[in-house]
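J.: This is the structure I want to talk about, given as structure tokens.
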DNA sequence: TTGAAAGCGATACCAG
DNA sequence: CTGGTATCGCTTTCAA
């Protein structure tokens, strides 16, 4: 079969224990001995057996990252940042840790399934990203699973997600409510009064918080509850497209559309274009997440800058046990970034003419 | 400690062997016995120990996916498709397999590092995506690593990447040359003659193949070699921005810009806008990858439709050993999709006026 | 600083 | 169809 630690030990004329110590670098080993071992490792082209060491050490080098959708750059950026930290250094066996990225599709059930799978792998840490399902039963089911993971030594981090009470997990929540409020205030300050709102899917924390922020801003301007101007849709471009067409059919005199995330905003742009409405000027579109490409798609864009990379990197460090105490909550604040002016309100009829 | 298979066996009054058989479902077990075991598993809330079974079985439930950049939807779509297959069914222990996504940043060195890490994990399969480094030494180093992985039972799939000779890996290459040629032909047919070209980073297979296709098209029209109108840049939006500004400064009379991938195209759009050139009409921009959001960013877009989802799904199935014979090459053809008209050539001066 | 040896928890072969 | 058990390769006390 393949080369084992014993083979290396034999060649270096030391005991397996010593080889293990050299490889893990967690025990003192004399210089010359160390050299000899490393040479043997190189000579034999030896690669440690991960499962075997994980079994013996009762922990692995894997870090799980749960996201709703890998193809969505919102999660991609977070995952990349987490990985840049966990791959950077540390880890057992002088090695790097590997990121297991799991796409839940926002389905609660798959979230639990993946947590079990990661528990099975004895993952060193798990990072849960994005919005959480608000169903109390589901929340409790996740909390229970998290507790079990923690009992078996897995560190849990919540990134862009509310804290999970009764667990030791560290939370890095985003201030979605304030961000959304600022976004709406921006449109209101420009004079918009009939603002369509693309809310996310129902029953998710981000959806509710962002919608609440939006409402607060309108209320402060003495405007009626925006309920009739809001549509719920999945956080996907296609859903944003459909929802916007629906909104336009229902409320033809909108002057602006605010979206709860950038994917929805992109869909809105496409829908407006197909409806014969030019995007900058005629109807303003605002996104939320401030993804790099969004500014190209939505030339007059106002977004809330969520420091995804920073948050992901922090999550990664916490996952490695380099920061934070158990159960700590470290809010990640959003910053309003006006990418470009959304311009003055125009009469749709005129612009269309 | 935690519940083990032996505990389950005791509670179900069967041997550990039987529990293992029930859990893996790969040996016949009598109905009633099976029931009893499953009940015990549920009662004890038992979760299989992944490392232990991987050690005993000499293979794990992990599938590695190497990508250049997780935050790039090009790779995100492929990774999502691979995952949809491998998570769907099969796998040991009636369970699903987990995807380990590794971001190499296009760096050859990290590619080898990750392959070693996956070898250490005894990954069931590895999917290498995207362009390959053309340096012969590097190619040989990767091939050697792949051979070693294959020797230890890991299946290797190359998705959107050229075949690796001397290995048993299955390749699903894209026809980059033909795609790029079609793209340039499209612009030429519209009357463009001074076409800027944003090539990818030097020394990568996709860069070369796409550039060759571009050149072939120009040559067929009797145009000079486009060398002076080409700029190499990393496959990133920021690099596309910089490269386009550079190109515009050097060649002020361009009427179109073709980009070797969509990230570059997005950067080009931003650069043109900042340079005071409107995007549709004044200068045409073409992307390559046909990512969902690109059409929003580049309203007059022509792209080569690369069936990323289909290719990823096939890669996933092959990784599970459900398709293809060792060493097989299954080309994935691109299809020219004209998303929208890039419109007639206009005099830049006029458009600017 | 190094070695010997007892597990870690499942798998799969060999019997029955 | 089920049970006993050697084995997988490494980690980590405990001694020396």
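The values are calculated or read from the model by the stated rules, or taken from the named source; none is laboratory data. Quantities reported herein were computed from a predicted structural model and do not represent experimental measurements. For neighbour counting, all protein chains shown are included, and Cβ atoms are generated from backbone atoms with ideal geometry for every residue, glycine included.
J.: Give the range B:53-79 a look and list any residue that's within 7 Å of chain A (Cβ to nearest Cβ) and within 16 Å of DNA strand D (Cβ to nearest atom), or say none.
T.: B:54, B:55, B:60
J.: What residue, among those in the range A:115-129 that are in contact with a strand residue (DSSP E or B) (Cβ under 7 Å, 6 or more places away or on another chain) and within 8 Å of chain B (Cβ to nearest Cβ), is surrounded by the fewest Cβ atoms within 10 Å (Cβ to Cβ)?
T.: If we take residues in the range A:115-129 being in contact with a strand residue (DSSP E or B) (Cβ under 7 Å, 6 or more places away or on another chain) and within 8 Å of chain B (Cβ to nearest Cβ), then A:117 is surrounded by the fewest Cβ atoms within 10 Å (Cβ to Cβ).
J.: What pairs come up if the first residue lies in the range B:2-21 and is in the same structural domain as residue B:47 (by TED's automatic domain parsing) and farther than 25 Å from residue A:149 by Cβ, the second is part of a loop (DSSP other than H, G, I, E, B) and within 7 Å of DNA strand D (Cβ to nearest atom), and their beta carbons are under 7 Å apart, counting only those six or more places apart or on different chains?
T.: Here the result reads B:18/B:29; B:21/B:27; B:21/B:29, each pair linking the range B:2-21 to a residue that is part of a loop (DSSP other than H, G, I, E, B) and within 7 Å of DNA strand D (Cβ to nearest atom).
Table: residues versus (1) closer than 26 Å to residue B:160 by Cα; (2) in contact with a strand residue (DSSP E or B) (Cβ under 8 Å, 6 or more places away or on another chain).
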| site | (1), (2) |
| --- | --- |
| B:200 | yes, yes |
| B:213 | yes, no |
| B:224 | no, no |
| B:234 | yes, no |
| B:243 | yes, yes |
| B:253 | no, no |
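J.: Looking only at the range A:20-37, how many residues end up being closer than 21 Å to residue A:96 by Cα, more than 9 Å from DNA strand C (Cβ to nearest atom) and surrounded by fewer than 19 Cβ atoms within 10 Å (Cβ to Cβ)?
T.: Adding up the residues that qualify gives 3.
J.: Here is a further query. Which residues, counting only those in the range A:230-262, are more than 18 Å from residue A:187 (Cβ to Cβ) and in a helix (DSSP H, G or I)?
T.: Answer for the range A:230-262, where residues must be more than 18 Å from residue A:187 (Cβ to Cβ) and in a helix (DSSP H, G or I): A:237, A:238, A:239, A:241, A:242, A:245, A:246, A:249, A:250.
J.: Then there's this: Could you list, in sequence order, the residues of the range A:41-56 that are over 15 Å from residue A:97 (Cα atoms) and within 32 Å of the chain's Cα centre (by Cα)?
T.: A:52, A:55
J.: Only one residue in A:66, A:55 is crowded, with 19+ Cβ neighbours inside 10 Å, without any contact (Cβ under 8 Å) to a residue 12 or more places away in the chain and closer than 22 Å to residue B:61 by Cβ. Which one?
T.: Answer to the check: A:55.
J.: Taking residue A:113 as the residue in question, decide whether it is away from DNA strand C (no atom under 16 Å from the Cβ) and in a helix (DSSP H, G or I).
T.: So residue A:113 passes the test.
J.: Can you confirm whether residue B:94 is outside the structural domain of residue B:262 (by TED's automatic domain parsing) and either over 22 Å from residue B:313 (Cβ atoms) or modelled with pLDDT under 95 (or both)?
T.: Answer is yes for this residue.
J.: Which of the residues that make up the range A:30-41 are closer than 22 Å to residue A:54 by Cα and touching a helix residue (DSSP H, G or I) at 6+ places or on another chain (Cβ under 6 Å)?
T.: A:37, A:41, listed by residue number.
J.: Looking at B:40, B:17, B:9 in this structure, which one is within 9 Å of DNA strand D (Cβ to nearest atom) and surrounded by 15 or more Cβ atoms within 10 Å (Cβ to Cβ)?
T.: Unique residue meeting the criteria: B:9.
J.: Mind listing whichever residues of the range B:18-52 are closer than 18 Å to residue A:114 by Cα and facing another protein chain (nearest Cβ under 8 Å)?
T.: Residues satisfying the conditions are B:45, B:47, B:48, B:49, B:50, B:51.
J.: Right, residue B:149: under 27 Å from residue B:79 (Cα atoms) and outside any helix (DSSP H, G or I) or not?
T.: no
J.: Another one. How many residues does the range B:130-171 contain that are in contact (Cβ under 8 Å) with a residue 24 or more places away in the chain and within 13 Å of chain A (Cβ to nearest Cβ)?
T.: 7
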